[in-house]
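Novice: Sharing a structure, written as structure tokens. Questions coming.
Derivation of every value follows stated rules applied to the coordinates shown; laboratory data play no part. Computed from a predicted structure; not experimentally measured. Glycine also receives a Cβ, built like all others from the backbone with ideal geometry; neighbour counts cover every protein chain displayed.
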Amino acid sequence: MKKTFLYVLAVIAAALCLTSCQKEEPTFDEALLIGKWQEVGTQVFYTYASDYTGKTWDEADDVTEAEAQPFEWSLVQSTLTQIHIMEMGSNVPKTYTVTQLTSSKLVYEDDFGKEFSFNKVN
């Protein structure tokens, strides 16, 4: 009986040690990201292709989709990374935390807490 009690106590202690107190980071389906998105209240567009490339442009600055800036992207759990490819060959990485991703809505924020909201347009 004493041996069984010690065994149960050891199992409970191990379970308590292995339990994490941190909140689990949400995971989003990257397939929902594929397509064309327009930032709410602006003429800024982003497209995400299934081959992990994309492009962005701002029609308010008279930039068309044909003139768009290319980028590569990845989505791991809730971390969206865009590596913008500049004309002179340099790359500019941008990292965001996705807070909402559905078939019609995308919301993410940058490291400074600025939120960006998009609606899918195709």
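Novice: Among Glu25, Glu30, what is the fewest-to-most ranking by other Cβ atoms within 10 Å?
Specialist: Taking fewest neighbouring Cβ atoms as first place, the list is Glu25, Glu30.
Novice: OK, next. Considering every pair of different Cα atoms, what Kirkwood radius, in Å, is found for region 27-120?
Specialist: After inverting the mean inverse Cα-Cα distance, the result is 13.5 Å.
Novice: May I ask you to sort Lys55, Lys105 by Cβ crowding, counting other Cβ atoms within 10 Å and putting the fewest first?
Specialist: Result, fewest neighbours first: Lys105, Lys55.
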